[in-house]
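The values are calculated or read from the model by the stated rules, or taken from the named source; none is laboratory data. Note that this is a predicted model, so its numbers are computed, not measured. So basically every Cβ, Gly included, is an ideal-geometry build from the backbone, and we count neighbours across all protein chains shown. Calculation scope for accessible area: heavy atoms of the full protein, side chains included, ligands and nucleic acids excluded. Shrake-Rupley method; radii C 1.70, N 1.55, O 1.52, S 1.80 Å.
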Amino acid sequence: MGESGGQPKGGIRPGGEGARSATPPSMAAAISGAVAAALLLLCPAWASAAAAVGEGRRLHTLFSVECGDYFDWQAVGLLHSLRKAGQPGGVTRLLSCAEDQLPSYRGLRIGHTLQVPSFSRHPRTGDWYPAINKPAGVVHWLKHSPEADNVDWVVILDADQIIRGPIVPWELGAEKGKPFAAYYGYLKGCDNILAQLHTAHPEFCDKVGGILAMHIDDLRALAPLWLSKTEEVRQDKSHWSTNITGDIYGMGWISEMYGYAFGAAEVGLRHKINDDIMIYPGYIPRPGIEPLILHYGLPFKAGNWSFSKLEHHEDGIVYDCNRLFPPPPFPREVEMMESDPNVKRGLFLSIECINTLNEGLLLHHASVGCPKAQWSKYLSFLKSRRFSELTKPKYWKGQKVDSTITMQHVALSKANSEYPKIHTLFSTECSSYFDWQTVGLMHSFRLSGQPGNITRLLSCTDEDLKNYKGHDLAPTHYVPSMSRHPLTGDWYPAINKPAAVLHWLNHVQTDAEFIVILDADMIMRGPITPWEYGAKLGHPVSTPYEYLIGCDNILAKIHTRNPSACDKVGGVIIMHIDDLRRFAILWLHKSEEVRADKAHYATNITGDIYASGWISEMYGYSFAAAEINLRHIIRRDIMIYPGYVPLPGAKYKVFHYGLRFGVGNWSFDKADWRNADVVNTCWAKFPEPPDPDTIMQEGLDARERDLLSIECARALNKALYLHHKRRNCPRIGTIHSTSSNKIERIAHESSRNRNRGKFESMDVAREKTVERAAATIPPVHRSRRLARSSRIWIIAVWAVSIVVFLLVISMFFTDRRRSVSRSRVSRSLKAHV
């Protein structure tokens with residue numbers, strides 16, 4: 001090799017001693033500066049990382065999952081959203097897997113992963129509690145991951161979240177000793193005996209969760225206690241009840257959340273709390289607030305579309321090429337759904353959540369070699385500039401979070417809240433009949449976006465409570481039963497409603513300004529708020545009960561000094577808490593008074609078709625309200641009975657399925673299911689209503705009526721399905737068919753024999769009412785059958801026409817081919833001749 005191609009003369013290598021001596025110092029400095037500048041320009045990430053090390057701002061994000069399809073699609077969605085949001089620093093998925101799960105597990109390549117021993121089945125106690133994997137995974141990461149030695153700040157998220165912008169602890173106001181967290185107001189154990197039992201510093205117990213951002217030194221101090229306190233609370237079964245923990249299932253499921261709160265209290269961490277940074281899709285954001293986290297832990301919906309993560313518990317969607325979750329409405333459709341700008345913003349957040357999830361799945365499928373997805377309008381939208389603009393990163397606008405604001409978030413003071421606080425109540429008894437109604441109402445409450453909390457007022461005798469199985473169905477306040485009146489011995493279960501409301505007011509402290517009172521046999525379709533319907537002090541809102549004719553006759557004159565103020569209302573009530581405190585005891589007393597007035601039970605006086613005093617509680621309400629001159633705002637657009645024709649343009653918020661309703665040959669009557677235990681029988685459900693697509697267009701009113709009836713019935717069955725799934729019922733099979741047949745047999749027997757003896761006269765009247773309603777149904781069915789048969793004939797004629805046309809075309813082209821062939825043969829013969 002020649003000199004030009006080898007080393008420089010004298011064996012001096014570039015950058016060696018000879019090179020340094022040949023280069024003037026000023027030139028060397030200039031070259032060094034140029035190289036440094038080039039590196040900074042080419043590698044800004046190195047520069048920022050170096051700056052982060054110098055400033056103590058190295059950030060790492062953690063989230064915990066388990067081996068399974070359910071967590072895999074959540075992980076794909078979260079990781080995609082973190083990349084899209086521009087989250088700084090690294091991200092680690094803490095994967096908790098049992099040894100027997102790993103060989104068949106398909107998701108090891110999803111994101112940067114640290115495998116963690118599974119604590120789902122506790123190694124010491126044998127307790128099955130997968131949520132404990134979160135603190136156990138964090139402890140393992142701190143002990144065994146080199147990453148933990150090279151970070152200053154840690155953000156801990158849940159897998160079922162979509163991130164909309166970078167979550168940077170110091171920008172959120174976190175300090176060493178003062179982590180940042182979202183507000184979890186339902187952790188009522190921080191205020192009662194639970195905290196006193198499990199931490200030496202109950203006064204430091206903060207109701208937080210969802211997102212945790214803290215200094216690494218704080219996490220090192222906290223993590224072992226987070227794990228041990230979780231184990232401690234989990235073992236304290238005597239304090240699992242809903243009224244102590246706030247856990248609606250009463251099963252110790254949120255022990256890990258309390259483990260965190262009590263562990264943090266033990267080491268003296270005082271949180272910067274904020275309840276604006278995170279929102280559950282389906283909830284309405286506060287005006288002017290742009291949340292950074294969408295936590296889809298609860299079911300949510302937009303119009304007729306809905307999503308619940310529990311429905312995808314065993315969904316291998318991550319591994320099914322180009323399969324996505326059902327697409328939500330497009331933004332332009334959402335624009336037309338709602339006029340209220342805040343409600344509309346909530347709907348936009350809901351569709352953004354699922355659209356980001358689907359975008360993540362689409363990119364994941366492409367990254368693992370799936371073929372290109374077929375074009376669709378929805379896919380085109382996900383790839384559009386419009387979607388990119390809608391989902392570009394959001395940034396925290398510097399809202400300061402200090403102790404003052406923390407207290408405002410906890411107390412929701414009126415000075416800093418545009419809307420008053422609401423609490424929803426409904427009354428039930430200890431029976432399977434009320435349990436399935438509770439399951440339906442609670443499911444719809446979670447979907448409705450109703451602000452505030454909900455409480456079931458459960459009226460039970462001591463004997464009933466010993467055998468009662470439904471403690472975990474809803475947040476519950478237990479009330480002594482007055483079904484059998486303690487003084488008169490009168491059997492009248494409806495009086496439990498005013499008695500329970502009064503008991504709740506006397507035994508529970510609430511900061512709610514308005515109370516919404518519902519019946520158990522209702523399905524919510526949307527939020528019921530005082531600001532939408534104009535409720536205010538002295539003016540409750542309610543729905544019309546026109547059959548309360550006693551407001552216009554001698555009954556009102558006997559039972560209230562102010563009969564002119566008697567309003568025929570009931571069903572849904574929105575009342576100011578101050579009015580309710582004055583009113584509740586009168587509601588109970590007037591109910592007792594009307595019930596005792598047997599001389600005026602007659603239908604022509606009360607409007608009660610059973611003439612048995614059964615609606616005395618409703619009159620108790622109206623007469624008590626008149627007594628203190630409460631004047632109701634009566635709204636016809638809040639509640640509808642399925643089977644009734646809706647008012648034009650009304651957006652009903654509640655179905656009240658108190659009466660029999662039907663569509664075609666299908667019908668539903670809650671009374672048929674009085675003795676059927678559909679809640680505790682795996683996969684039991686009500687007969688499915690017809691498919692909406694089969695509803696013939698007989699007239700807009702009739703069609704709307706039938707669609708609403710179908711929606712109500714489907715909501716009940718959906719609630720039961722999710723309930724059974726939460727209870728870990730075995731897979732649907734022979735158990736399902738056997739139990740379903742048994743349940744339906746009980747329901748039919750109940751339909752034939754219900755309420756014999758004491759309620760026999762009521763049944764006769766009820767059957768007459770049903771017969772009168774049924775008399776209007778057959779002509780409708782006949783017209784539907786005729787329309788359906790005529791449509792079938794038209795389709796058949798079209799099909800035959802198309803077949804004949806194809807045969808003619810086929811014969812024509814066959815004949816042409818033969819003639820062409822013959823002409824070719826004849827030309828060939830002529831050529832040979």
Let me make sure I get this right: for segment 216-258, a, b and c are the square roots of the gyration tensor eigenvalues over alpha carbons, sorted descending. Under 1.5 in a/c it's rounded, otherwise prolate if a/b > b/c, else oblate. Which is it? prolate
Just want to confirm a number: the relative contact order over segment 169-275, from Cα pairs under 8 angstrom separated by 6+ residues, in percent. 41
Nearest 5 is fine: what % of DSSP beta bridges in segment 422-636 come out antiparallel, could you say? 35
Prolate/oblate/rounded label for segment 272-336 (Cα gyration tensor, a/c 1.5): oblate
Segment 169-275, dipole about Cα centre (Lys/Arg Cβ +1, Asp/Glu Cβ -1), debye to the nearest 20: 20
Could you pull out every one of the lysines with an alpha carbon less than 17 Å from that of LYS383, ignoring same-chain neighbours closer than 8 positions? LYS84, LYS372, LYS392
If I take R0 = 25 Å and measure r between the Cβ atoms of ASN629 and ASN342 in this structure, what FRET efficiency does the formula 1/(1 + (r/R0)^6) give, to the nearest 0.05? 0.15
What is the Cα radius of gyration of segment 654-727 over 2.2 N^0.38 Å, N being its residue count? 1.19
Going through the cross-link list LYS176/LYS344; LYS653/LYS725; LYS309/LYS651; LYS272/LYS497, which pairs have a Cα-Cα distance over 29 Å in this structure? LYS176/LYS344; LYS272/LYS497
Volume per residue (Å³) of the convex hull spanned by the alpha carbons of segment 422-636 is 119
Compute the length gained on full extension between ASP691 and LEU806: take 0.36 nm times their separation in residues and subtract their Cα-Cα distance, giving the result in nm to one decimal. 38.0 nm
Can you pull the percent of Cα pairs in segment 169-275 with separation above 21 Å? 28
Contour minus Cα-Cα distance for ASP637 and ARG109 (0.36 nm per residue): 184.8 nm
If Lys and Arg each add +1 and Asp and Glu each add -1, what is the summed charge of the other residues whose beta carbon sits under 11 Å from the beta carbon of SER448? +4
What is the calculated FRET efficiency for LEU390 to ARG286, with r their C-beta to C-beta distance and R₀ = 22 Å, to the nearest 0.05? 0.65
Would any residue of segment 293-336 have its amide N under 14 Å from a label point 7 Å out along Cα→Cβ of GLU704? List them or say none. none
Could you give the nm distance between label points at GLU314 and MET251, where each point is 7 Å from its Cα heading toward the beta carbon? 1.7
Over the Cα atoms of segment 619-685, compute the convex hull volume and normalise it per residue, giving Å³. 166
Using the Cα atoms as the points, what is the convex hull volume per residue of segment 204-344 in Å³? 182
What does the charge count around PHE330 come to, taking other residues whose C-beta lies under 11 Å from its C-beta (Lys +1, Arg +1, Asp -1, Glu -1)? +1
LYS469: net charge of surrounding residues, Cβ under 15 Å, Lys/Arg +1, Asp/Glu -1, itself excluded? -2
Segment 505-574: GluC sites (Glu not before Pro) in DSSP coil with no more than 16 other Cβ atoms inside 10 Å: GLU546
Take peptides 63-69, 230-236 and line them up by average Cβ neighbours within 10 Å, highest first, as a rough protection proxy. 63-69, 230-236
What part of the accessible area of segment 195-273, given as a whole %, is carbon or sulfur when the probe is 1.4 angstrom? 56
Net lengthening on full extension, LYS176/GLU333 (0.36 nm per residue, minus Cα-Cα): 51.9 nm
Specify whether the C-alpha gyration tensor of segment 450-499 places it in the rounded, prolate or oblate class, a ≥ b ≥ c being the square roots of the eigenvalues: rounded for a/c under 1.5, otherwise prolate if a/b is larger than b/c and oblate if not. oblate
